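Below is one structure; the comments refer to it alone.
The numbers here are math on the coordinates, done by the rules we state, and not lab data. This is a predicted model, so every value here is computed, not measured. Because the Cβ atoms are built from the backbone with ideal geometry, glycine has one as well, and the counts that use them run over all protein chains shown.
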Amino acid sequence: MPQPTLSFGRSALFDIPDDITYLNAASLSPIPRVVRDAGEQGLQRKVAPWNFTRASFYDIVEAARAEAAALIGAQPGDIAIVGSASYGIATAARNLKVPAGSVVLTIAEEHPSPVYVWIRLAAEGGATHEEVPRPADHDWTSAILARLADRALPPVGLLSLTPLHWNDGALLDLVAIRAAADVVGAMLVVDGTQSIGVQPFSVQNVRPDFLVFPTYKWLLGPYGLAFLYADPQRQSGIPLEEHTFSRIGADTISNHYERELEFMDGARRYDMGERSNFITLPMGIAGIKLLRSAGAAQIAAYLAPLTDRLAEGAAALGFASPPRERRAAHLIGLRKPGFDSGAAATALAQQQIHVSARNGAIRVAPHVYNDAADIERFLEALARLV
């Protein structure tokens, strides 16, 4: 069967009813038909396990690695298969030593999941966890660079950041931040949950020590699957789990299981146990292939006018959002003093318009299946609420 190519707007790729306006990819994306079909085919394979061979546990794993690597300009061997963004962050935390007396830096109002482990490890290791306050002008990059350069404060040992703020889409220039981190000897861990696949990203430019991204949001894939990039200099660490399948020679075992202590090359040592999921891995591969048929730059170019119109229409109703030059193309947070975003999201859902409420903002996150009519329907409903 030929690989389908991505089309923009309402299309036969998705089973989205005409009366549904779904603008909530930042929470959970609908699954395209090709991804659903891949999962169903995987389920059928498990129905007949007598057809599996040893290679069945490796071929699909390596195919998934290759697709994930292509999204970020990495090599397949730089990719580990994990179960979630928090699993990847925990793996990074296990293998990065934050110096005592230094600071682990995150940004204010960050999602708690990639932050908890740093709070604990900082306390255990004599370091401090610190959050950069939200800048009034949405310029997170300048705020972070200023903190890195401030010699009057404890030095920053590690930054755990995202390419954009998950609440409102305000951008961080990770290339500039990485360069400044190098000056002070700080490490960089990146959670790409809200960006990989729909916003261009290159590990060659950003040079993260670790980068993690799950598939169930922007990558149009299943829940419970994520990919962890490890810089080549970070590929000799200790995994969270100890299992046979990432050890040298495990792919050729047919009878005798030895106590092999050496890992396969690259980031494979960080793979989670039971990574050869015959349902979710084909779904993840299919979703990434569909997105890659257009590419992140083209997807961002399609979505930018939609979020620009959201910003313009919401501003006329008194809502503020990050300015265009500091905002991602695919996610926008709308704030208005005294406006109850949680109640608004509930009221909109009752009209089959689906968005999120996050830290006082109405978060609107269109994807490739949305079009201008979806944006106008949302703005009209928002105007009625106001």
Prolate/oblate/rounded call for segment 325-386, Cα gyration tensor, a/c under 1.5 rounded:
oblate
If we count every other residue with Cβ under 15 angstrom of Ala179's Cβ, Lys/Arg +1 and Asp/Glu -1, where does the sum land?
0
Could you work out the relative contact order of segment 295-385, using alpha carbon pairs under 8 angstrom and six or more residues apart, expressed as a whole percent?
30
Apply the a/c threshold of 1.5 to the C-alpha gyration tensor of segment 265-386 and tell me whether it is rounded, prolate or oblate.
prolate
Both in Å, the radius of gyration and Dmax of the C-alpha trace of the chain are 21.6, 70
Excluding Leu105 itself, what net charge comes from residues whose Cβ is under 10 Å from its Cβ, given Lys and Arg +1 and Asp and Glu -1?
-1
Name the long-range amide H neighbours of Phe227: under 5 Å, sequence gap of 5 or more, or other chain; modelled H, no Pro or chain starts.
Val82, Phe213
Gyration tensor on Cα atoms of segment 114-214, a ≥ b ≥ c root eigenvalues, a/c under 1.5 rounded, else prolate if a/b beats b/c, else oblate, says rounded
What does the charge count near Thr21 come to, summing +1 for each Lys or Arg and -1 for each Asp or Glu among other residues with Cβ under 9 Å from its Cβ?
-1
Which of the lysines could a cross-linker span from Lys217 if the Cα-Cα distance has to be under 24 Å and same-chain partners fewer than 8 positions apart are dropped?
Lys289
Choice from Glu110, Glu40, Glu262 showing the highest fluctuation, given a GNM over the chain with Cα pairs closer than 10 Å:
Glu262
Ignoring everything except DSSP H segments at least 4 long, calculate the 222 nm mean residue ellipticity for the chain; use -39,500 (n - 2.57) per segment, divide by total residues, nearest 500.
-11000 deg cm²/dmol
